[in-house]
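The values are calculated or read from the model by the stated rules, or taken from the named source; none is laboratory data. From a predicted model like this one, the values you see are computed outputs, not experimental measurements. Note that we place each Cβ from the backbone using ideal geometry, even for glycine, and neighbour counts take in every protein chain shown.
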Amino acid sequence: MRLIEIAPKEGYRLFLRYDDGACGEVDLSFYAGRGIFAAWLKHGVFEQVTLAEAGHPEWPGELDLCPDMLYMKLTGKTPEEVFPTLHKLPVHA
């Protein structure tokens, strides 16, 4: 899945559309004001989100989020569901 559309919404929410048809809004208000996300509290910063060429949401100051994490938040899927080959990787001590 690849993030193909993004739009800021009120209340630190993002509208997301992925190439597999998954779309909807994700609430990111939990992050606003925390650590590097304090930048979102400045008027108009959150609304400046763009879809970077690499396929992730990006804000001024090189602030970005993982599109895979957002996909899981949007769909409610687990990492194992999104990446089924994860559990097949060998584990070495």
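Just a few scattered comments:
- If the condition is being in a helix (DSSP H, G or I), of a type in the set (Lys, Arg) and either more than 17 Å from GLU5 (Cβ to Cβ) or modelled with pLDDT under 95 (or both), then region 61-93 contributes only LYS88.
- Whenever a residue of region 1-29 is farther than 13 Å from VAL49 by Cβ, its partners that are among the β-branched types (Val, Ile, Thr) and part of a strand (DSSP E or B), lying with C-beta atoms within less than 6 angstrom and at least six residues away or across chains, give the pairs ARG17/ILE4; ASP19/ILE4.
- The residues of region 39-71 that are among the β-branched types (Val, Ile, Thr) and touching a residue at least 40 places away in the same chain (Cβ under 8 Å), listed by number, are VAL49, THR50.
- Of the set (1) under 24 Å from GLY76 (Cβ atoms); (2) surrounded by 12 or more Cβ atoms within 10 Å (Cβ to Cβ), all apply to GLU10 but (2).
- Members of region 34-54 that are of a type in the set (Gly, Ala, Ser) and either touching a Pro at 6+ places or on another chain (Cβ under 6 Å) or buried (at least 17 other Cβ atoms within 10 Å of the Cβ) (or both): none
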